[in-house]
């Protein structure tokens, strides 16, 4: 689908930030930057906690960027075509909060700065997405913001390819520190950005040469410029305290055909008389003496949190800088055809298209009829083939396991350097970078990202997955090869603890469907979950279709439900997930034949089950006789269902290399083992001897 | 402590692998390499699973390395001064297994190759440490081997600084693929290696331009040579199928004063007539037809798994190549003084020194007497101050949080480029690289590594931590700031799910000590655990000394124990860990005053508790009245202790930014909350209304 054809060619509407037009006098610039410095130092002092060094050191960079280059409107913080500013070095949060206050963002008052790092305030220790307007992403864990920014810059190109230059044409700026660049995640992110030639991505590196332990030279000798250049980046240097040098570098970066790194040489804690330039300025209050001396040295004779009207006015004026540009955009947007406009708005709002549910029900009925015996990863592909046709805003991908994750469908041409009309990203062998980029794609808006790797390699991506959960982003992790059922690749590739460890993460929905029908239902739930990421844990091995009822109801939405009931009171209840539900059902058939009433509860999503009514939960958990849980993973968490003395059939250590059926035998995860364990418990002295 | 002074100056004893001395005729080389190719292709075919492409493509590189350069002895695979060969691209495991068989490693017979990827065989899908001799580390998860190798190469320098050139003087070689280099972990590892100038580390990159999804160009445009050079590496290129070019490159690398990357241009699946050079050769059997054609094309008219005697002899001869060198080493080793020899052997065996227990008991008595009220991270530092004085083989470090993790003591001077006498590594902001390097330090032998970061950032290191656990390595993770108790930094920095998610990992011991005494006990257990890694989850905030009994017994070794008993039968049992044990004790005091007999069980290590006798476990878990668990993390796992209907006082979502005491109040993790919850349960209709 290509919208707004013809609008994509215009080039003159773009607001050009020409330095000469935006010159700020040296005095004004100094005052504006010092306002950031004092707000930051004083807020950290008031909180007796925080990081003054970065805001003070990067104040000049931020002043130049926000007052002369960034296209945004504090009165319309969600304006779709705004430039994105990603504050990757999130520990310096007071820089961002100072800017939001100074620029006049709604709801960020001086009292909010005074409440820095206090419980319930908008100004948390690190910038938290949704805590206040103007925070584009939650940062703090280093490298993540940079990874998000790559996703955002890619999202811009993807949306641009669909809606044209008139509607989508903005830049993504990042402020990153040494820590961001040292994290391995940064390599995955910059390699992806360089490869995809995301030329509208500009990283301002606060090159202050200091980390917590001391000089960067204690632990690193990397030539960052050469490193970025090796990944196809444009690289520039400037004095991070010289406003014209910063402006020149940004202007040059804007003209590059590649993403740009600007190394801004700065002095951490710039302005602090004795602590500037050292690790002492990094992560602790400067102290009253130091701040008093700083007031004197910088000629700033204003009380804490007091910004002289002239300086505040200058900042507020800067906040209005691109309002004309935004209005022009709105005029252009109003002029495009209603269908395109509606479609753009729908995607940006994040609403699913109208045909979604019907397409899904059709597919479900087909699965019911055809009863395919396929791996759930294959069922996921079939589901995606249907969903991708309707939900045109999905962007798929894989960390170099496309054929194994079954993440690609007929609709998803590859996105390639300079070509963004496709819908599939070859993320490369970069699980963490993929996850961080998917967060960025989701944060940007207009896109629903999903991406695949093996479940076991969620370990590599966990830092970014946690941020999907913390921010409540609709990101779908397609994690295949979800147990020892993957077979010969052995214990390094066999997840054992991963279902438990991902379920432990708040707000992460872990789905483990048992068959094609549940897989489709879980996909529906994942796409409908606007405020939570999802994991789809999918089998490598084939599984029969178990759900033969022709109901439109999404039973997986309950999290756990009776997939097989028994007449009268159950003497045994078996809980199982994914590939083990078939084992549970087979065991129940044998037990029923033995005259032991047995019910089976399929548990595709523990998190959703936890949210059900007490009555429903009780119906699944209470009574029901002897409790058994089957999952080819560790027991942790299952005592909630079966109790400490219940039976658990699963793993209690790492897996092994061998054909999958042999592994299931070896580790005793079989119908026979279930039946034997139940019989042994129900008849304490078995007759088999 | 510096041993063998004076022995470090000799330079002539080193076996110099001069290509001209080791020339292999082109025909012989071809035969030797083809032996690898056919063993690999045939084994994958027999298993109907595996990766033929890499072994076939890298056969020439491996042949040159093993037959002309590597210093090793298959008859003494644990010889301490052997060169290390790290097979980072572990999916190509048949390359390594072929080599082990061809070189005559004890216990690797042709039947083992025929059993490739079968359950119980030594030749697992990926190389598994300890499955057979000659496997230096478990690989498969990409990038990990490279990270391990950095640790091994550093270990060599550290041991060399202590024992001199005559005893420790070997190289570390890595075979890595594109996947290894794309993982972010590789950046952390190469930056660390380049910074520390580990000149005896040589990485052979199997530069075949192919990944699973297709050409590397689909997802990457990185100039790897420039990237490594940016991190202070020597970089070389060669034709990976030209034995003399490979030999020249290795010889040049051996002379470098920096670590070396050799880009060996290869053809994946080299020799396969139609599939070579494409992703088709990567990860699936070639098929009978292709292999038959290959036999014809390469003139290899031998049956599968049949290696002609002449070729096998040539390989076995290569296996004997450095036996003289090893014997010379043994002669030199026998000549050094007995004390140094004994100390070297002790460290390499991994035995703790004799003074260990006494030093520990002395410190424990001191804690008992002084009853310090300190954070457990500080208690850990005090414990380390004592332990580092005795256990001289510890090598500490931190991922740039030295002052926060309290990992440095008076004994641990920093290790710096070219200076390896110290005992402290500034790992930089590289959690994953640190963990992988620590695995390498432990694998090398002679060293017990510990390293710190915040508990929440274990997410970044999890890939390597899992390998510590899978390999059973004595690596100690010092993970501080272990709950919302860290305060203002907020939810990005507050672990909530991490205790549960790390406990879910098999063979990972998760310790969460409650006070200084338990901290010391947990350190003892961690250091004594030769076959398992440990996590020490430590508080940022101060905690009182709770263990006032003057027993030498290590109570933490039980995993869970009564820290406060009650007279008669308990009506309430409270389980707690770490900083929440004080809350449990305070609540029990109030409840006891109410006439409610209450006992408190401290649970410093769930994993150790699980290993206790049924009787002991029952004494802790059964009876005991109403059950309560307190932990400032998620509930997952605690139902094992308290049951589904027991009381849990902890977190059910992410944390928040604010002062720690306020957060504990806000999230209801307080003595009052515990008492109120117990009273409410014991008296269903409370009188407070």
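The values are calculated or read from the model by the stated rules, or taken from the named source; none is laboratory data. The structure presented is a predicted model; accordingly, all values stated were derived computationally and were not measured. Cβ atoms come from the backbone with ideal geometry, glycine included; neighbour counts cover every protein chain shown.
In summary, residue A:65 fulfils each of the numbered conditions (1) under 25 Å from residue A:447 (Cβ atoms); (2) in contact with a strand residue (DSSP E or B) (Cβ under 7 Å, 6 or more places away or on another chain) with the single exception of condition (1). Say we look at segment B:522-546 and pick out the residues that are out of contact with any strand residue (DSSP E or B) (no Cβ under 7 Å at 6 or more places or on another chain) and under 20 Å from residue B:585 (Cα atoms); which of these is surrounded by the fewest Cβ atoms within 10 Å (Cβ to Cβ)? Of everything passing the filter in segment B:522-546, B:544 is surrounded by the fewest Cβ atoms within 10 Å (Cβ to Cβ).
Test residue B:489 against the stated conditions and say whether it is modelled with pLDDT of 95 or more, outside any helix (DSSP H, G or I), within 24 Å of residue B:662 (Cβ to Cβ) and more than 14 Å from chain A (Cβ to nearest Cβ). Answer is no for this residue. The numbered conditions (1) over 19 Å from residue B:193 (Cβ atoms); (2) within 8 Å of chain B (Cβ to nearest Cβ); (3) touching a residue at least 40 places away in the same chain (Cβ under 8 Å) are all true for residue A:186 except (1). When segment A:201-213 is filtered for residues that are in a strand (DSSP E or B) and at the interface with chain B (Cβ under 8 Å from one of its Cβ atoms), only A:211 remains.
Every residue, every condition in (1) at the interface with chain A (Cβ under 8 Å from one of its Cβ atoms); (2) within 37 Å of the chain's Cα centre (by Cα); (3) closer than 20 Å to residue B:456 by Cβ; (4) in a strand (DSSP E or B), yes or no:
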| position | (1), (2), (3), (4) |
| --- | --- |
| B:644 | yes, yes, no, no |
| B:648 | no, yes, no, yes |
| B:658 | yes, yes, yes, no |
| B:669 | no, yes, yes, no |
| B:678 | no, no, no, no |
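When you look at residue B:135, is it within 16 Å of the chain's Cα centre (by Cα), outside any helix (DSSP H, G or I) and modelled with pLDDT of 95 or more, yes or no? Here the answer is yes, as residue B:135 does meet what is asked.
Would you confirm, using the coordinates I've provided, whether residue A:191 is assigned to a helix (DSSP H, G or I), within 14 Å of chain B (Cβ to nearest Cβ) and touching a residue at least 24 places away in the same chain (Cβ under 8 Å)? Criteria met by residue A:191. Take residue B:662 and tell me if it is assigned to a helix (DSSP H, G or I), surrounded by fewer than 20 Cβ atoms within 10 Å (Cβ to Cβ) and within 12 Å of chain A (Cβ to nearest Cβ). Considered against the rule, which asks whether it is assigned to a helix (DSSP H, G or I), surrounded by fewer than 20 Cβ atoms within 10 Å (Cβ to Cβ) and within 12 Å of chain A (Cβ to nearest Cβ), residue B:662 comes out as yes. Residues considered: A:214, A:240, A:255. Of these, the only one that is more than 27 Å from the chain's Cα centre (by Cα) and on the phi > 0 side of the Ramachandran plot is A:214. If you go through segment A:208-232 and pick out every residue that is in contact with a strand residue (DSSP E or B) (Cβ under 6 Å, 6 or more places away or on another chain), buried (at least 23 other Cβ atoms within 10 Å of the Cβ) and closer than 22 Å to residue A:86 by Cα, you end up with 1.
Residues in segment B:444-456 that are within 12 Å of another protein chain (Cβ to nearest Cβ) and touching a strand residue (DSSP E or B) at 6+ places or on another chain (Cβ under 8 Å): 3 in all. All told, residue A:134 meets the bar of being surrounded by fewer than 24 Cβ atoms within 10 Å (Cβ to Cβ), more than 9 Å from every other protein chain (Cβ to nearest Cβ) and more than 19 Å from residue A:263 (Cα to Cα). Given the criterion buried (at least 22 other Cβ atoms within 10 Å of the Cβ) and within 17 Å of residue A:422 (Cα to Cα), identify the matching residue among A:174, A:168. Checking each option against the conditions leaves just A:168. Being more than 8 Å from chain B (Cβ to nearest Cβ), in contact (Cβ under 8 Å) with a residue 60 or more places away in the chain and under 23 Å from residue A:532 (Cβ atoms): is that true of residue A:164 here? Here the answer is no, as residue A:164 does not meet what is asked.
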